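Note sheet for the following structure.
The values are calculated or read from the model by the stated rules, or taken from the named source; none is laboratory data. Quantities reported herein were computed from a predicted structural model and do not represent experimental measurements. Virtual Cβ from ideal backbone geometry, glycine too; neighbours counted across all protein chains shown.
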Amino acid sequence: MVSMIIKVLKNLLSKPFTSKYPKEKAKVSVNFRGAIHVDQENCIACRLCEVNCPTGAIVVDTKKNYAVVDRSLCILCGMCAEVCPVNVIWFSNDYENAEKKKKDFRKQLPGPNPRPGKRS
Amino acid sequence: MHDKIFPIGPQHPSLKEPIFLKLHVDGSYITKAEFNLGYAHRGVEKCAEGYLLDTALHAVQRTCGICSQCHSLAFLNAVEPMAGIEVPDKVYLQRLLSAELERIHSHLLWGGLMAHEIGLETLFMYYWREREHILDVFDDLTGNRVHHSPDLIGTAKRAFNRKNLDFILEKLDLIEPEVKELKEVMRSERVITSRFKKHGMIPRKMAIDLGLVGPTARGSGVENDVRVHDPYMAYAFKELKVKPVVRNECDSWGRSMVRCDEVFESIGLIRKACEMIDPKEDVPKRKNVFAKGTYGRGRSEAPRGENFHFVKVENNRISRIKMRTPTLANLICYSRIMEGEDITDVPVIMMSLDPCISCMERVAVIRNEKKEVWTSHELFEGKKHD
């Protein structure tokens, strides 16, 4: 009973455990796998990512010679980044990946890999 | 005698997952219980057919959201001896860390849901607040909070460093006293004990006869734990011997206390494993895997019990994979356990078994009066040949 009262008083005086999400950004770690990016300029179209993708989300465009991702199918397993020989596929810390229209998931998020030596 | 049928589910506020319970009641007492399944078939096994081994690993992990690491361990137990790969100790220890953290997170999740079923919403919040710390640890270690997929065949995606290990220990120090207090609340609160004690009885003999697994069997005095009687990976190390938590109460209370105590057992294991890991050592790089054998089978201890995988490989691709999740083994006791109970106790008894129905669902065959058998070819085509 005494411990309960102490706990109640503590919880009254302390800050809430939850964060005010839309106003306040959520904290994620450095290794967090968020949105998938492909640096299409440096892609060598070797198709290893296509072969290793469990859901078929990543497909190599044979005419343009780079990988194209459908982010609505991606399950963020990180297998493509693991097998990529030139490290052009990477995951940013961006966790807000919802889109209003289905075709917006095929919009590519390009950009060079900020951690080129490291895996996923 | 007024025999009436009382339906619960497949969509019902007291059920978290789709199962249809058909309760024959006399007044408010249950005389007979039946259940129907087949409302959430996802087809992970079919999906994994034709995949490369590494890719199939990531598909298999998606079977369950709560125990994804344990599915991956069972699959690796099947595949790694088949491919003849030697795995370094550090990788084994990293896998143990993920698996045991997952056990803590699963049991805390169960505690919250149990409190929710009884109606103690505040206790539910307290349990899930502690669970949030474990999810933060997963985010830091592996990069994802729920489907963390840290494994590759023969190695891991990244090596844990000193900072990661310190973060784990820091969070464990934070949650241990809190979980102890929550257990004390469970032990002393009359509302909880009166709903649990002497309800949902599974005698020891019945648990052995039906072949129950996991905390459900351990709550009935059966020492059934894959980590002990068939140690795999890091559980086979001398320093990391698991002491199974066994209780002899045989009721919902026994099963609940087993889960509460297992959290502390897991915390102890993680502390020992953190000491054994060399933070400076790197894990080997990923290699392409070639399976030499054709068949493999693996087991692992998921938070709910024994998890079994059978893998068949042809031309280095998966040709058949069969999973048996712990809920399938425990499902058989559902109709027996409900007999003679009051109808208001059904949600609590269901929760004390910790069902994970959607992971267990494999195939739905609807029977009319005749028995129907579908071959795998017919299932693939989706129609029955005569």
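Looking across B:L152, B:L123, one residue alone is in contact (Cβ under 8 Å) with a residue 12 or more places away in the chain, within 10 Å of chain A (Cβ to nearest Cβ), touching a Leu at 6+ places or on another chain (Cβ under 8 Å) and of a type outside the set (F, W, Y). It is B:L152. Of all residues in the stretch A:1-45, those satisfying the criterion of being of a type in the set (K, R) and away from chain B (no Cβ under 11 Å) are A:K10, A:K15, A:K20, A:K23, A:K25. Of all residues in the stretch B:10-24, exactly one satisfies the criterion of being of a type in the set (D, E, K, R) and over 11 Å from B:P355 (Cβ atoms), namely B:K22.
Taken over the stretch B:190-229, the criterion of being among the charged types (D, E, K, R) and touching an Asp or Glu at 6+ places or on another chain (Cβ under 9 Å) is satisfied by B:R195, B:K197, B:K198, B:R218, B:D225, B:R227.
If you go through the stretch B:282-308 and pick out every residue that is surrounded by fewer than 20 Cβ atoms within 10 Å (Cβ to Cβ) and within 16 Å of B:P150 (Cβ to Cβ), you end up with 5.
Residues in the stretch B:246-270 that are among the polar types (S, T, N, Q) and closer than 25 Å to B:R336 by Cβ were compared, and the one that is nearest to the chain's Cα centre (by Cα) is B:S256. All of B:G305, B:G340 fail the test of being at pLDDT below 90 and not acidic (D, E), apart from B:G340. Can you confirm whether B:I192 is among the β-branched types (V, I, T), touching a residue at least 40 places away in the same chain (Cβ under 8 Å), in a helix (DSSP H, G or I) and within 14 Å of chain A (Cβ to nearest Cβ)? No; evaluated as a whole, the condition is false for this residue.
For B:I337, are the conditions met, namely being farther than 20 Å from B:S72 by Cα, surrounded by 15 or more Cβ atoms within 10 Å (Cβ to Cβ) and in contact (Cβ under 8 Å) with a residue 24 or more places away in the chain? Yes; evaluated as a whole, the condition is true for this residue. Given the criteria crowded, with 16+ Cβ neighbours inside 10 Å, closer than 17 Å to B:L328 by Cα, touching a residue at least 60 places away in the same chain (Cβ under 8 Å) and in contact with a strand residue (DSSP E or B) (Cβ under 7 Å, 6 or more places away or on another chain), does B:L21 qualify? Taking the combined requirement at face value, the residue satisfies it. Evaluating B:H41 against the criteria (1) free of Cβ contacts under 8 Å to residues at least 24 places away in the same chain; (2) outside any helix (DSSP H, G or I) leaves one unmet condition, (1). Pick from the stretch B:59-76 the residues that are touching a Ser or Thr at 6+ places or on another chain (Cβ under 6 Å) and part of a helix (DSSP H, G or I): which of them is nearest to the other protein chains (Cβ to nearest Cβ)? Once the filter is applied, the top-ranked residue is B:Q61.
Quick check, is A:A35 touching a residue at least 24 places away in the same chain (Cβ under 8 Å) and more than 20 Å from A:L109 (Cα to Cα)? Answer is no for this residue.
Okay, residues lined up against (1) within 13 Å of chain A (Cβ to nearest Cβ); (2) among the hydrophobic types (A, V, I, L, M, F, W, C); (3) on the phi > 0 side of the Ramachandran plot; (4) over 20 Å from the mean Cα position of the chain (by Cα):
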| position | (1), (2), (3), (4) |
| --- | --- |
| B:I118 | no, yes, no, yes |
| B:W128 | yes, yes, no, no |
| B:N144 | yes, no, no, no |
| B:F160 | yes, yes, no, yes |
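So that you can scan it fast, the table gives a plain yes or no per residue for (1) of a type in the set (D, E, K, R); (2) assigned to a loop (DSSP other than H, G, I, E, B); (3) farther than 30 Å from A:P22 by Cβ:
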residue: A:E50; (1), (2), (3): yes, no, yes
residue: A:V60; (1), (2), (3): no, no, yes
residue: A:C80; (1), (2), (3): no, no, yes
residue: A:D94; (1), (2), (3): yes, yes, no
residue: A:K100; (1), (2), (3): yes, yes, no
residue: A:F105; (1), (2), (3): no, no, no
residue: A:L109; (1), (2), (3): no, yes, no
residue: A:R115; (1), (2), (3): yes, yes, no
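Summed over the stretch B:71-94, the residues that are more than 22 Å from B:F290 (Cα to Cα) and either in contact with a helix residue (DSSP H, G or I) (Cβ under 6 Å, 6 or more places away or on another chain) or of a type in the set (D, E) (or both) give a count of 1.
Only a single criterion out of (1) facing another protein chain (nearest Cβ under 10 Å); (2) in contact with a Lys or Arg (Cβ under 7 Å, 6 or more places away or on another chain) is not satisfied by B:L135, namely (1).
How about the stretch A:46-90: which of its residues are more than 14 Å from every other protein chain (Cβ to nearest Cβ), surrounded by fewer than 21 Cβ atoms within 10 Å (Cβ to Cβ) and in contact (Cβ under 8 Å) with a residue 40 or more places away in the chain? Within the stretch A:46-90, A:V68, A:V86 meet the criteria.
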